[in-house]
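Working notes for the structure below.
The values are calculated or read from the model by the stated rules, or taken from the named source; none is laboratory data. Note that the structure is a prediction, hence the values are computed from the model and not measured. When we count neighbours, we look across all protein chains shown, and the Cβ atoms used for this are built from the backbone with ideal geometry, even at glycine. Note: accessible area is taken over every heavy atom of the protein model, side chains too, but ligands, DNA and RNA are not part of it. Shrake-Rupley method; radii C 1.70, N 1.55, O 1.52, S 1.80 Å.
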Amino acid sequence: MNSAALQPAQSAHEPSKDVHAEMRGVTRVYGGDGKTGGVQALAATDLRLRRGEFYSVIGPSGCGKSTLLDVLAGLSRPTTGEVLFEGKSIDGRVPEGTGVVFQEDASFPWLTVADNIAFGLRRAGIDAAEIQRRLDYALKLMGLADFAKSYPSQLSGGMRQRVCIARTLVMQPRIILLDEPFGALDAQTRLIMGDELLKVWRETGATVVLITHALDEAAMLSDRIGIMSARPGKIIEEIKTQWPRDRDSRIAANPAFGEITARLWSVLRDESLKAIHQGNKSSAGLA
Amino acid sequence: MSRVGWIRLLVVGGFILAIELLCRTGMISPRVLIAPSDMAIRLYRLLLSGQANADIIETLGNVAISLVLSVSGGFAIGAAIHALPRLRRAIDPFLASYYALPFFAFYPLFIVMFGLGRGAVVAIGFLFGVVAMIIATLNGFDRIPRVLVRTAEVYHMGPVAAALRIKLPSAVPYLFTGVKLAIAYCFIGVIAAEFIMASSGLGYAIAYAFNNFDNGKMYALMFFIIVLVTIVNALFYTYERRLMRRWGR
Ligand SMILES: Nc1ncnc2c1ncn2[C@@H]1O[C@H](COP(=O)(O)OP(=O)(O)O)[C@@H](O)[C@H]1O
Ligand SMILES: [Mg+2]
């Protein structure tokens, strides 16, 4: 905890104009009517995201990470509490300026790569020259230039996910929310994709929230990492990495990387154990 | 062509050849069935004479109109029902048992409702085709990946835009099934309606030939319908396969 790289967040002391998005006492209960029954996915969760930071959320599986992202994106309403984006409360609608990348492949199989990426731009009625400009930029940035006319079925899983990232990024979102976007990819591809995400983050200046269950991914990519408890999830600890803005996956060779990973694991291990025991309890109940 | 394709061709060819032989050797009387080659020749002459052109054009028009109405209407109704789960649960049994109804038992009712003539024929073609399309749309919409529906939300798409731009293309493999069924049902509905409540069109012409013991013309027209339906289906299958291959389904 005393290591310079591992300072806890001091969010309470930040001036509020730096706060880009915020969750205040957000809970989320699935199903059930009113107070009884249902699954509580999120316990009262507070989160303050600074403008332009790279924030990762890590937690055991089933702890409510996707729920947190859904609520933050405006894809689902909090049961109690409030979500603010750029100072304004969002009410179960995705605010303008928010981009979301899902864990599942969300590319449109009926459109070419280029048409996939331009989808949102065309809907927004942006003029053709500007669409072309942003499209060319995104194709190049994501290494898809040679595949503009291909269909997603002709691409690998990693490339399809890049199509989805490109489709999000051309909209120039001010905040990009990613829910385990590399979950389905192999280890090497994940590292490369992480580097590409860092590049996007640097070039766009957007605030990035990355949901992940991979310790190394969180440790090497983030400015700050929020660790979630077992379900009902909430952020129980935040760790600051203090990496330089210009970084990539090779930072894993830095001794601080090991420290951060170890620190993450020491908190996460307990929560993962709890999550596993939760699983045992519910299966015993079913038997 | 694949091995299976050859076998299929052999089965169809063998069947036609067997009938040809049975007819030519007189084991089947020409008053019952005329030889397939004879059907083809008579159809050729009929088409050359231009006698049947008006009926053919009318029936094709009726089928086309009822098909367009069935497919677009069935999609719109299906999409609307899908958005209203409670309504859907209420009417599900009716949809499921729709084609179990012996429709043409109610033909006097149709005549009272739609009168006689083209409007009535198209209405019946539509009633026949539309429910297949509704069912296919519901089926397809049930299988749209949730992540694509959420993507529509991220792009601030309203219900109509999401239905047309995301759900429709996403459900296309299922919608194709609906279209194929609708083609078949529209042909059945239109031709059957022409039998009983029209004074023109292929259905009428077949019934007229039958009542006047004009076997040659009757079989020529039937042969025409078989060829026509086969061509329409083959074109549609080819288009479907090409599209599905490109989309990797
Ligand atoms: N739509 C839903 N209806 C009911 N329960 C849900 C729903 N979505 C998630 N849950 C439950 O909420 C908990 C948290 O889920 P989720 O946010 O997806 O976790 P994570 O993304 O961390 O794996 C899990 O126990 C899950 O089963
Ligand atoms: Mg999840």
For B:Ser97 and B:Asn212 in one chain, what is 0.36 nm times their gap in residues minus the Cα-Cα distance, to one decimal in nm?
-> 37.6 nm
Starting from the Cα-Cα distance between B:Arg88 and B:Leu47, subtract it from 0.36 nm times their residue separation and give me the gain in nm to one decimal.
-> 10.0 nm
Cα convex hull of the range B:41-248: mean projected area in nm², to one decimal?
-> 13.8 nm²
Inter-label distance for B:Glu20 and B:Phe236, nm, one decimal - labels placed 7 Å from Cα along Cα-to-Cβ = 2.9 nm
May I ask you to derive the FRET efficiency for A:Arg202 and A:Val19 from their Cβ-Cβ distance with R0 = 22 Å, giving the value to the nearest 0.05?
-> 0.55
In chain A the accessible area split gives carbon plus sulfur, as whole percent at 1.4 Å, a share of 52 percent
Taking every pair of alpha-carbon atoms in the range A:104-172, what share in percent sits in each 5 Å bin, from 0 to the bin with the longest distance?
-> 3, 21, 35, 25, 13, 3, 0
From the Cα centre of the range A:24-97 to that of the range A:113-134, the distance in Å is 30 Å
Hull surface over four for the Cα convex hull of the protein assembly as shown, reported in nm², is 34.7 nm²
Computed from the beta carbon distance with a Förster radius of 35 Å, FRET efficiency for A:Trp265 and A:Ser150 to the nearest 0.05 stands at 0.30
Label point 7 Å out from A:Gln188 along Cα-to-Cβ: which residues of the range A:137-158 have amide N under 16 Å?
-> A:156-158
What trypsin sites (Lys or Arg not before Pro) does the range A:158-260 have in DSSP loop regions with at most 10 other beta carbons within 10 Å?
-> A:Arg245
Total Å² of accessible surface buried at the B-A contact, 1.4 Å probe, nearest 100?
-> 2000 Å²
Accessible area per residue in Å² at 1.4 Å probe, computed on the protein assembly as shown | 50 Å²
How much length is gained on full extension from A:Ala44 to A:Gln132, taking 0.36 nm per residue of separation minus their Cα-Cα distance?
-> 27.3 nm
Got a number for the accessible area of A:Ser222? Probe 1.4 Å, square angstrom, nearest 10.
-> 0 Å²
Which whole-Hz couplings ³J(HN,Hα) result when phi for each residue of the range A:54-60 is put into the Karplus expression 6.51 cos²θ - 1.76 cosθ + 1.60, θ = phi - 60°, listed in order with x for Gly and Pro?
-> 9, 10, 10, 10, 10, x, x
In nm, the gap between the two label points placed 7 Å beyond Cα toward Cβ at B:Val68 and A:Tyr30 is 4.6 nm
By how many degrees, between 0 and 90 and to the nearest 10, does the Cα long axis of helix B:118-142 differ from the longest principal axis of chain B?
-> 40 degrees
Between the range A:241-269 and the range A:162-193, what is the C-alpha centre distance in whole Å?
-> 20 Å
Which of B:His82, A:His20, B:His156 is most accessible, then next, and so on - probe 1.4 Å = B:His156, B:His82, A:His20
Counting sequence-distant residues (5 or more places) and residues on other chains, those with an amide H built under 5 Å from that of A:Asn254 are none
Go ahead and estimate [θ] at 222 nm for the protein assembly as shown from helices alone: -39,500 (n - 2.57) per DSSP H run with n ≥ 4, summed, over the residue count, rounded to 500.
-> -18500 deg cm²/dmol
For chain B, what's the relative contact order in percent, using C-alpha pairs closer than 8 Å and at least 6 residues apart?
-> 26 percent
Comparing the chain by itself with all protein chains present, which residues of the range B:231-249 are at least 10 Å² less accessible (probe 1.4 Å)?
-> B:Arg246, B:Trp247, B:Gly248, B:Arg249
Rank these residues by their accessible area, most exposed first, probe 1.4 Å: A:Glu203, B:Glu20.
-> A:Glu203, B:Glu20
So how compact is chain A: Cα radius of gyration and Dmax in angstrom?
-> 19.2, 62
FRET efficiency for B:Trp6 and A:Arg77, Cβ-Cβ distance as r, R0 = 41 Å, nearest 0.05?
-> 0.10
In chain A, which helices (entire DSSP H runs) extend 15 Å or more along their own long axis, judged by Cα positions, while averaging at least -0.5 on the Kyte-Doolittle scale?
-> A:113-123, A:128-141, A:157-169, A:187-204, A:255-286
